[in-house]
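S.K.: Got a structure here, written out as C-alpha cells. Questions coming.
The values are calculated or read from the model by the stated rules, or taken from the named source; none is laboratory data. Please read these numbers as outputs of a predicted model, since none were measured by experiment. Every residue, glycine as well, gets a Cβ built from its backbone with ideal geometry; the counts of neighbours run over all protein chains shown. Keep in mind that these areas ignore ligands, DNA and RNA; they rest on the heavy atoms of the full protein, side chains included. Shrake-Rupley method; radii C 1.70, N 1.55, O 1.52, S 1.80 Å.
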Amino acid sequence: MVAHVLRLRLALLIGSLRGDRRGRTLVTLAALAAVTVAVCIAVHTLGGAPVPVARTVTVLGGVALIIGFLVGPILVGAVDQLDPRRFAVFGVDERRMPWVLTVAAFVSVPSLALLAVYASVCAVAITLGAPWPLAVLMTIVGLLSTVLTARIGMAINALFLPERRSRELTALFALALIIIAFPVAVFFASMRWDGHVPASLETLTTVFGFTPFGASPGFLFAIAAGDTSLAWITGVIAVVTVAALWGLWAWLVRRLLTTTERPAAARERSGLGWFGLLPSNAFGAIAARSLVYWLRDRRYIMNIIVVPVAGVLTVFPLLVAGVPLEIAALIPVPVMALFFGWLPHNDVAYDSTALWTHVASGVRGIPDRLGRLVPVVLVAVPVLAVAIPLSLVFIGDLRLLLPLIGLAASLLFSALGISSIVSVVAPYAVSRPGDSPFQQPQRPTSRGAYGPAAAFLGAIVFSVPTIWLFVATIADDVLYAPATFWVGIASGIIVLAVGATIGGRIFERSGERLMEFVETA
C-alpha cells in the first residue's frame, strides 16, 4: 500500500509539469526554490550569531511556519491530492491510512523545502554547541509536527469548508489575515535590535518557546546554550505535541473515511454568494442582504470611503492649532471608529421600499438590528487593525496599543448600539436608490437632525470612562493601559447589546410607521 501510494504521489508530481499549466507550474517551482535557498542562507548566517539571537529568530520563525502550514490550505482552498476520501472506495485499512498518507506527504515540493529549512536550523544548532544526536532527533520531531499540522489543515478544509470556495469566503479569510498579520508585521518592523534581542521580543520568544508551536526550535537552542532544565521542558512539550497531532490526524482520517460527502444541494449554495455563506436564519439573511447593498450601492460605498479620509484630515487642523504631532497622530483612529459606528444610524431610510420585506416576513427586531451591523463591522475592523499600528509606529510608542484598541472598540460598539436605536426612532430622508449620493433630498417627512447628533454624541458620552483612562495612560502612567483596554471592550459591548435590544423592540412595534416613512420619504 505504501509503495503504491508513493508511486501515485510521484506520478501526480510529474503530471503537474505537463499540459497547458506547465509554464505556470515551472514559474511557481522556481520561485519556491529561490525563496527556500534564500531562507536557508539566512538561517546559516545565524551560525556566527549569539545563541539568544539565533533562538529568537528560529523560535518565532518556527511558529510562523507551523501556523502558515495550518492555515495555508484553509486560506487558499487547495484541493488535497491525498484526501483520505479518495481511497475509501478501495476498502483500505483505517488504521494504516494515517501513517501511509503521512509518509506520502513528504513527497511534495513544500515538504522538500521544509526539509531543507529544518536541516539548516539543525546545522546551526550543532554549530552553536548542541549535541548532534539530540539535534537531529528534535529536528525530525519538528519536521513531523509541521507536516502533520499541514495534513490536519487539509483535513479540516475538506470536512468543514465548501469544495468550491466562494469569493465571499475567500474575502473573509483575507480580512482575517489582514487583521492578524498587519499589526504583527508592523510590530516586528518597529523593533530596533542594536546588536541584542529587545526585551519585549525576548519575552515573546520565551512564551512561544513553551507552546507546541515553538517547542522544537526552543529545545535546540536551549541545549546549545547549556540550559538543561529548559531543554527538558521544551523537549517534553515537543514530543507531546507530536503525539497529540498524530492522534488528531488519525481521528480525522477515520472521520473522512467513514463520513459521506455533503449532498450536492449543500455545495450548490456557494453560488448564492453571501446568502449561501451566512447562516440560514433571519440574522444570516439580513446580514447577507446588507452586505450586498453596502458593497454595490454607491450611497453606501461613498460613506465607507469618506470615513478614513475624514479621520486622516483631522490631523492637519490640529497641527495648525499647535497640537503636538504625538497627540495629533492618535486622533484619526478614534475618529474613524466613531464614524464607522455612526454610519448605520439611518439604515432604515437607505432601505427605501425594500423595508417591506422585513416587515412582511415578521422578522424579530434583534436579528434585524444585528444583521444590519455586519457590513460595518467587516469593514471597520480591518481598517482599524491597519490604522492602529501605523499610528503607534508613527509616534514611536507601541505601549499605547492596548489603550488605543480599547478606545476604538468603545467608540465603535457604542456608536453601533445607539445607531441601532436612532435608525428606527428618528429616520430622515436620503437620496433614493440609483440617485447620486451627493443629491440632497427635499422631502418634508424627515424628523430633523437630532437623530444623527444623538448617535454621535451618545457614543462619546458612553465612552467617557475609556477616554478618561486613555488620557490618564498618556499623561500619567502606562499602568492604566490594561484597564483602558478592558473597560473599552466591556463598555462598548454592553452598549451594543442594550442598543440592539431596545432598537429591536422599537422595530417590532413600529413596522407600520416605518413603512409609511419609507413610502413617503
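S.K.: If I ask for residues that are within 16 Å of ARG254 (Cβ to Cβ), at pLDDT 80 or above and within 29 Å of the chain's Cα centre (by Cα), which ones from region 67-108 would you list?
M.R.: The answer is THR102, and nothing else.
S.K.: Pull up region 457-511, narrow it to residues that are acidic (Asp, Glu) and without any contact (Cβ under 8 Å) to a residue 12 or more places away in the chain, then point me to the one that is farthest from LEU398 (Cα to Cα). Steps first, answer last, please.
M.R.: The initial filter retains those residues of region 457-511 that are acidic (Asp, Glu), namely 476-477, 508.
Applying the additional criterion that residues be without any contact (Cβ under 8 Å) to a residue 12 or more places away in the chain yields 476-477.
Details: ASP476: 16, ASP477: 14 Å.
The selected residue is ASP476.
S.K.: If GLY341 satisfies all but one of (1) of a type in the set (Gly, Ala, Ser); (2) open to solvent by 10 Å² or more (accessible area, probe 1.4 Å); (3) assigned to a helix (DSSP H, G or I), what's the number of the condition it fails?
M.R.: (2)
S.K.: Out of region 119-145, which residues are open to solvent by less than 30 Å² (accessible area, probe 1.4 Å) and without any contact (Cβ under 8 Å) to a residue 60 or more places away in the chain? Spell out how you get there, then give the answer.
M.R.: From region 119-145, those open to solvent by less than 30 Å² (accessible area, probe 1.4 Å) are 120-122, 124-125, 130, 135, 138-139, 141-143, 145; that's our starting set.
Across region 119-145, the qualifying residue is only LEU143.
S.K.: Separate question: Suppose we filter VAL487, VAL471 for residues that are modelled with pLDDT of 90 or more and assigned to a helix (DSSP H, G or I); which single one remains? Show your work before the answer.
M.R.: On the way: VAL471 fails: modelled with pLDDT of 90 or more.
Unique residue meeting the criteria: VAL487.
S.K.: Is there a residue in region 23-37 that is open to solvent by less than 60 Å² (accessible area, probe 1.4 Å), at pLDDT 85 or above and hydroxyl-bearing (Ser, Thr, Tyr)?
M.R.: yes
S.K.: Continuing with this model, one more query. Looking at region 308-326 only, could you name the residues that are under 20 Å from PHE339 (Cα atoms) and loosely packed, with under 13 Cβ neighbours inside 10 Å? Spell out how you get there, then give the answer.
M.R.: The initial filter retains those residues of region 308-326 that are under 20 Å from PHE339 (Cα atoms), namely 308-318.
VAL309, LEU313, PHE316, PRO317, listed by residue number.
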